[in-house]
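In what follows, a single structure is set out as structure tokens and then discussed.
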Amino acid sequence: MKSPIFFKKKSFLINKLFPNRKFKKNIQINDVKILKIAQKNDLTFFDSLKYKSHAENTKALYCITTERLQKFLPKTTEKIVVKNVLFEIAKVLKNLYPLADVDYPDLTLKIAKNNRFKGVKFGNNVLVGKNAKIGKNSVIGSNTIIEHDVIIGKGCTIGSHVVLKNTILGENVVIQDGCKIGLKGFGFIPLKEKNFKFPHIGKVIINDNVEIASNCTIDRGSVDDTEIGKNTFLDNQVHVAHNVKIGSNCMIAGQVGFAGSSTIGNNVSIGGQAGVSGHLTIGNNVKIGGGSKVIKDIGDNEVVMGYPAVPFKDFIKNWKK
């Protein structure tokens, strides 16, 4: 399936994006991608040793990075050394995607009609944008908004007052009332004069047989995508920030929050009101107790609880003291 186009994009020669620098070749930059998937005509960025292995193997010809980190990049990659990597990449994104830093209303929305989507049942006042696709045997509740280019697979159940934008749903997905999926996440560069908004150009991918309970918020990716694996269930009022990856067969209880770019493995269970900090990796078969605050990586098969989250046996020992 061809990937939908959610944002209008421009292309620039590298010299146009960085007019005060000299490059070996003045190549056209088509997009901004993370280190792991960037190709020759993509610009990438490297701002943390956590991504060292991705940096060493990147295929990008140009990378924004720091003086300290540039040595880890391949010789084939030209280094654009700066003081603030995220600020520089945000400025580039603003040039390439001039409309991605604000969630503008979709002016292509029209009242859904059954003759356009055969085999789909609609409640009252459902609005659907241009080029949206809805699979057969899906049911869409009243007052729901499905914006342009959104893809909904077969047999999905979408509740009332749901907003879907920049999103691809698999088959047999359930999204209950009041969810907001694919909107811009919380990202900005703090500056003395004025905070600079970080454009979010990614999307949300929700795989088959996922259930999202009422009033959850799932932000689209900033540069990468936000993704939820097959057969994962989210309880009410869960917040999933930009670029988060949640694996398959996970159970996430109410009011859990995931900060940006955290990665959650398969078969993970998380109790209510727990929080996971950004850029962390949670392994497979992990159990996190309710109310816990995870601030460092967790390996496979661990059970943790507390603030900061520690192995459950240690938590019990400390609690008894």
Give the range 269-321 a look and list any residue that's of a type in the set (D, E, K, R) and in a helix (DSSP H, G or I), or say none.
Lys313, Asp314, Lys317, Lys320
Could you please let me know if Lys203 is modelled with pLDDT of 95 or more and assigned by TED's automatic domain parsing to the domain that holds Thr281?
yes
Are any residues in the range 40-63 among the acidic types (Asp, Glu) and closer than 24 Å to Ser11 by Cα, and if so, which ones?
Asp42, Asp47
Residue check, Ile152 on the phi < 0 side of the Ramachandran plot and touching a Leu at 6+ places or on another chain (Cβ under 6 Å)
yes
What is the one condition in (1) part of a loop (DSSP other than H, G, I, E, B); (2) surrounded by fewer than 19 Cβ atoms within 10 Å (Cβ to Cβ); (3) at pLDDT below 95 that Gly155 does not satisfy?
(3)
It is to be established whether one or more residues within the range 93-105 are more than 19 Å from the chain's Cα centre (by Cα), of a type in the set (Val, Ile, Thr) and not assigned by TED's automatic domain parsing to the domain that holds Asn131.
no
If you go through Ile134, Ile189, Ile151, the only one that is touching a residue at least 12 places away in the same chain (Cβ under 8 Å), hydrophobic (A, V, I, L, M, F, W, C), farther than 29 Å from Gly278 by Cβ and assigned by TED's automatic domain parsing to the domain that holds His239 is Ile134
Enumeration of residues in the range 140-149 that are surrounded by 15 or more Cβ atoms within 10 Å (Cβ to Cβ) and in contact with a Phe, Trp or Tyr (Cβ under 9 Å, 6 or more places away or on another chain)
Ile140, Gly141, Thr144, Glu147, His148, Asp149
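Residue by residue through the range 170-200, note down the ones that are part of a loop (DSSP other than H, G, I, E, B), hydrophobic (A, V, I, L, M, F, W, C) and at pLDDT 95 or above. Talk me through it step by step, then tell me what you get.
As a first pass, look at the range 170-200 and keep what is part of a loop (DSSP other than H, G, I, E, B): 170-173, 176-179, 182-187, 190-195, 198-200.
Pick out the ones that are also hydrophobic (A, V, I, L, M, F, W, C) and you get 173, 179, 183, 186, 191, 198.
Answer for the range 170-200, where residues must be part of a loop (DSSP other than H, G, I, E, B), hydrophobic (A, V, I, L, M, F, W, C) and at pLDDT 95 or above: Val173, Cys179, Leu183.
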Given (1) on the phi > 0 side of the Ramachandran plot; (2) of a type outside the set (Gly, Ala, Ser); (3) surrounded by fewer than 18 Cβ atoms within 10 Å (Cβ to Cβ); (4) in contact with a His (Cβ under 9 Å, 6 or more places away or on another chain), number of the condition Asn137 does not satisfy
(4)
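The values are calculated or read from the model by the stated rules, or taken from the named source; none is laboratory data. On a predicted model such as this, the values are computed, not experimentally measured, just so you know. Quick reminder, even Gly has a Cβ in these numbers, built from the backbone with ideal geometry, and neighbours come from all protein chains shown.
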